[in-house]
Structures are given as structure tokens and as C-alpha cells.
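The values are calculated or read from the model by the stated rules, or taken from the named source; none is laboratory data. Quick caveat, the model's predicted, so the values are computed rather than measured. All Cβ positions, glycine included, derive from the backbone under ideal geometry; neighbour counts span all protein chains shown. Protein only, heavy atoms only, side chains kept; ligands, DNA and RNA dropped before computing areas. Shrake-Rupley method; radii C 1.70, N 1.55, O 1.52, S 1.80 Å.
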Amino acid sequence: MPSPEPLAVEPAGRSTATRSVELDAFPTRTRLSTLTDGLRAYGMIAAMWIRSTMTYRASFVMTTVTSFVVTAFDFIAILLMFTHVDALGGYQLGEIAFLYGAAATSFGLADLLVGSTERLGRRVRDGTLDTLLVRPAPVLAQVAADRFALRRLGRITQGLLVLGYGLGTVHVEWTLLNLLMVPMMLVSGALIFAAVFVAGGSFQFWAQDAAEVQNAITYGGNTLLQYPPTVFAKDLVRGVTFVVPLAFVNWLPALAVLDRPYPLDLPHWFAYLPPVVAVLCCWLALLAWRAGLRSYRSTGS
Amino acid sequence: MEAFIELDGVEKVFDVRRRAGLLRREKSQVRAVDGLSFTVARGEMVGYIGPNGAGKSTTIKMLTGILTPSGGRLRVAGIDPARERTRLARRIGVVFGQRTTLWWDLPLKDSYRLMHRMYRIPDQRFRENLERCVELLDLGELLEVPVRQLSLGQRMRGDIAAALLHDPEVLYLDEPTIGLDVISKAKVRDFLRDLNADRGTTVLLTTHDLTDIEQLCRRVMVIDHGRLMYDGALAGLHEVGESERTLIVDLERELPPVVIDLARTVRVEGPRQWLAFPASQSAAPLVSALAARYPVMDLSLREPDIEAVIAKMYAGRSGQ
């Protein structure tokens, strides 16, 4: 450091002191307004992308239908399996459809709303992230709304159809609690997947080509959850319960609705934890995002 | 004058990891900006030049709050950009020459409508500013055209308008005339000059084109290796750099090298000769002297480029 004035010089590796100041600079009121600003910016940018897409109407219809058909093949594969077996991992077709539909719908919602965060690495590499940083709107909202693609509704539609089929087929006593479990599961599941998307996107601030790792967890996790936990090894089930808590998306709540035992010896109330897990995941994802953005702003790459 | 942009010993150090062997990585530090201090008053129009990798973009990124300085003090309109990036964003305009902020598939006016809402510009203000930009930047016919169909020059004018709709107090332009044809360049320059004169908008522009600076900026700052090498008038820069302009003369026929007081002949190729003369000097007396004594068919003038000026600056300095 050439300059001797203590006022002008800050240590090169920003200390924890500066960091805590940065956090203190966001009192609760400002955090709330950041949230509303973010949602507002998200809405505006998503609307622009929808209008952009609509300039190629035929292409939009084609890709939406394609997205529907391609994801439908997933479930058709399961249907084909059931022409040869009566149960998969001890589960009937209807039960599998319930699991599948819940996972696919949650994933589809998260993908629609924040799936674009997986493109962050590209924006970092070509420098276009900078153009977002000079706008008066939260960067996460801008990145999440980037290339907002309504065609992803194709996947959600397919998920909801399979879920509907599953709900109509399974033999469950539809008590009020069981009825409430379904929307709770879908919303919490979408939030958990959204958190994974955002955390994965944050990781791309450091490793710009990490989109594949992110895909393995998001798309891979979605595929995993479409089957009952009994078909997987216990260690894997443990991993998706406690490490990347994807099991809370559908397995734990759905198995409680179906009155099935969870392969791990967990207390019953675990089935009602998804909202808590979802909020926790989102909070961690936001911390990761902030750390990533801070790192980008200190390294520029 | 009130200092609007203030830098005091600003530094930006990057850690660079280089592969040194199969797994081992060497860490080294690059000082992209190394103790930069200057102030810009409100309403000034400053050219910020330097060779590639000199630290120009890094400076602009710190001024806009994209990058956090590693050291020193930096204020724009009294705001620390790194800490209050979004608050500052409402008061500044940025045009990145190579990266458009316009919406590719939508008509130009839709991008402006987004700015209107995102920056919460009052309706009346927005209408006035848009009208003004449309008139001065000649955008009337383009508002309904999808951005992907615009030429480079049209898009640049569109981008400049987009950066000004919210009445920024300072406008940063990164290579605003790069790749533009002569007419578009002239339009952009005229517009910027008016903007600065009428509205008092502070303008900081980086460029490779010395003509931009010549026509727009009374003050120029040269940066190299992250340090301020020169800060003053453009004419002074030519003196410091002892740079030369070149007059290219086409004579009627091949002749021995021209001998004339005001310039020296540096190259002869058939009937064409290259005459170098100090950049701080007018070309007019040279041209008239030349025309009086030689059979001149055609003339053209080549300005020194920034790289050459800076190279000379170095040569001059180490020679002393």
C-alpha cells in the first residue's frame, strides 16, 4: 500500500469488519423493499421476454408442445414398465403417479420461475452481467427473469396431469390434513428446487462452467424423486434427506399421505417439515448468491 | 467547482491464478488500477484514454459500482458506488459500446418503456426526454422497428437514448463510436456536445478515436498500467508526446523527396509522399506552402493514434 493515510486505505483482503458493515447496511425495512423491488423488476423483465417470445408465435407453440411431449415420454416409460410388473419398489402405479406428478410439478414451477439462473455463467463469461449491475434493480431478480420461458408450462401441465391421475387412483382417506398436504408439498417443493437452482447459479460466479453440476442436482434430482425411495440404496436416500434435502419435496410428505413407511427411521412429524426446510434452503441460497455476487464484484470474473 | 467524481488513491488488485504444471497453480497479483487520484467537476466532459488493458474499464466499473475497489476512496455524487450501487444507478447512465441493453426482438420503443418503469421516471419527464432524444438522435423512424433490424450506428444511438431517459447526472460511455460510419459518428458527437452544453450532464468517455476527444473534450486523461500518465488539454498531450500528424501527398509525377521547412518527408512511394509534422501545429500553412511549390494532385491527413501518442510519451520520458 503506497498511501499512508489510514482514511484512504482499506486492507486488500476485505476483512470481516467490512463485511458486517455491509450486512448492517440492510435494515429490515430495506430488505423488504429489496424484495418488492425484486418482484417488480422480475415481473417487468418476464413480461418483456414473453412479448419477445410472442414475436415468434409458431416457434413458441412448437417448443411448448415439444416440452410437453418430451416430458410425457418420461411417464410413458413408467407406464410401459407397469405392463410387465404390478409394483415398483412395492408401490402401485397410482402411488408412483402421485410421487411423479408432485415432483414434476414442483420442479416445473421452480424451473419456470428461476431456472434461468443456470445461464449465469454465460453472462459472467461474456460480460453482459455488468449491464444488469448498473440498473436500479436487484441482480438476482434480473438474472432469474432472464429469458423467462413460458414454454416451460408444458412440463408443469404434464406434471399436473400425472398428479391428477395419481390423486384419483390412490386409495387414501382424504381428511382435511391430507388434502392440505398436497398444495403444501407443491409450494414447498417448488421453493426447495428454486433454492437449488439459485445456489447452483451462485456457484457459477466462481466456476463459470458449473452448469453441469447444477443440472445433475436439479434435473437429476427431479428424475430421482419420480420413483419411490424404496428402489434406491439407503445411503443415497440419506444423502437426499440430509445433505441436499430433496426428499422433502415429495417423498416425506407424500409417503405420510399414502401411509407408507419412509425407508429411514425418522419420526412421523418429519412429514410436516417441508415448509421449514424450504424457507431454510431459500435463506441459504440467498446467502450463497450474495457471497457469489460479492466475490464477482471483487474479482470481476 | 464542485467535485462530482472523486478518486483518492484508488486501487484494484486482481488475484490471477495461472496453471503451473499439472495440478499446481501459481497465484499472482495484478494491479489493474494502481493508486489513481483525480476529480471531475460537475458538467465537465472528459476523455479517458489509454491502451488496451490499461485499466480504463476497471475504472469505469468501479465508478458505476460494478467492482469494489481494493483500496482508496471513491465517490460519485457523494455516494460510495460499491456500497450503494442501486441508489447510484438512478443517477448515472452507462453505455457499453459493445453490449447493447436494448431488447433484440422487440421494437425500440418497448425498451424505452421498460426504462420508464424500471427507473420510475415520471410520465411527463419521460415523454419530454424521449421526444428530445428522438429528435436529436434521429430515432423517429426507428421506434417501431425491432432492434435486431437496426444497423450498428442506429443501435448505438438507441442505446445512448436509453441511458439518458432518467436524466442521469453523469454519463459513462465506453467506446461510443467504435465501428460506426462517419455520419453516425458525427450524429453521436453532436448529440453529446449538446447534452453537455444544454443539460450540464457530466460525461466521461473512453475511446480509441482521438477525433472523438478532439471534438468533444477539453480535458483528457491518459491512463496506463493503472496509473494516471497525463491529465490536461489534448493539445498538451501532443506536446508531451511530441506526436506527429502525417500529411499524405499525391504529386503529379514521381519526384525526389519534398524539402520543406514545416515538415519532414518520412516516406516516398512513387508519386505519393508522407510528410510528418508536429501535431500541435496547423496543417494549413504546410498545405499552402506545398501547393505553391509542388504539383499537388491530392492530399489527406492522418491523425496520430492514441497508441502512438502514448508510445512517444514513454520514449520521451525515458530519454530525459
Output yes when any residue across the range B:28-41 is more than 13 Å from chain A (Cβ to nearest Cβ), modelled with pLDDT of 95 or more, on the phi < 0 side of the Ramachandran plot and in contact with a Ser or Thr (Cβ under 7 Å, 6 or more places away or on another chain), and no when none is.
-> yes
Could you grab me the full set of residues in the range B:108-124 that are within 11 Å of another protein chain (Cβ to nearest Cβ) and aromatic (Phe, Trp, Tyr)?
-> B:Tyr119
Taking B:Ile79, is it buried (at least 18 other Cβ atoms within 10 Å of the Cβ) and within 29 Å of B:Arg193 (Cβ to Cβ)?
-> no
B:Trp104 fails exactly one of the following numbered conditions: (1) more than 8 Å from every other protein chain (Cβ to nearest Cβ); (2) closer than 30 Å to A:Ser59 by Cβ. What is the number of that condition?
-> (1)
Select from the range B:226-246 the residues that are open to solvent by less than 30 Å² (accessible area, probe 1.4 Å) and in a strand (DSSP E or B) and write down the one among them that is nearest to B:Ile160 (Cα to Cα).
-> B:Gly232
In this structure, does A:Arg123 turn out to be charged (D, E, K, R), surrounded by 19 or more Cβ atoms within 10 Å (Cβ to Cβ) and either touching an Asp or Glu at 6+ places or on another chain (Cβ under 7 Å) or in a helix (DSSP H, G or I) (or both)?
-> yes
Scan the range B:84-95 and give yes if some residue there is more than 10 Å from every other protein chain (Cβ to nearest Cβ), without any contact (Cβ under 8 Å) to a residue 40 or more places away in the chain, open to solvent by 20 Å² or more (accessible area, probe 1.4 Å) and part of a loop (DSSP other than H, G, I, E, B), otherwise no.
-> no
Scope the range B:13-27; condition away from chain A (no Cβ under 11 Å) and among the basic types (Lys, Arg); matching residues | B:Arg18, B:Arg19, B:Arg24, B:Arg25, B:Lys27
Which of the residues spanning the range B:1-55 are touching a residue at least 24 places away in the same chain (Cβ under 8 Å), open to solvent by 20 Å² or more (accessible area, probe 1.4 Å) and of a type in the set (D, E, K, R)?
-> B:Glu2, B:Glu6, B:Asp8, B:Arg31, B:Asp34, B:Arg42, B:Glu44
For A:Val143, the lone unmet condition from (1) open to solvent by 10 Å² or more (accessible area, probe 1.4 Å); (2) in a helix (DSSP H, G or I) is (1)
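So that you can scan it fast, the table gives a plain yes or no per residue for (1) out of contact with any His (no Cβ under 9 Å at 6 or more places or on another chain); (2) open to solvent by 10 Å² or more (accessible area, probe 1.4 Å); (3) within 26 Å of B:Leu7 (Cα to Cα):
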residue: B:Leu137; (1), (2), (3): yes, no, no
residue: B:Glu175; (1), (2), (3): no, yes, yes
residue: B:Asp181; (1), (2), (3): yes, yes, no
residue: B:Val188; (1), (2), (3): yes, no, no
residue: B:Asp212; (1), (2), (3): yes, no, yes
residue: B:Asp224; (1), (2), (3): yes, yes, yes
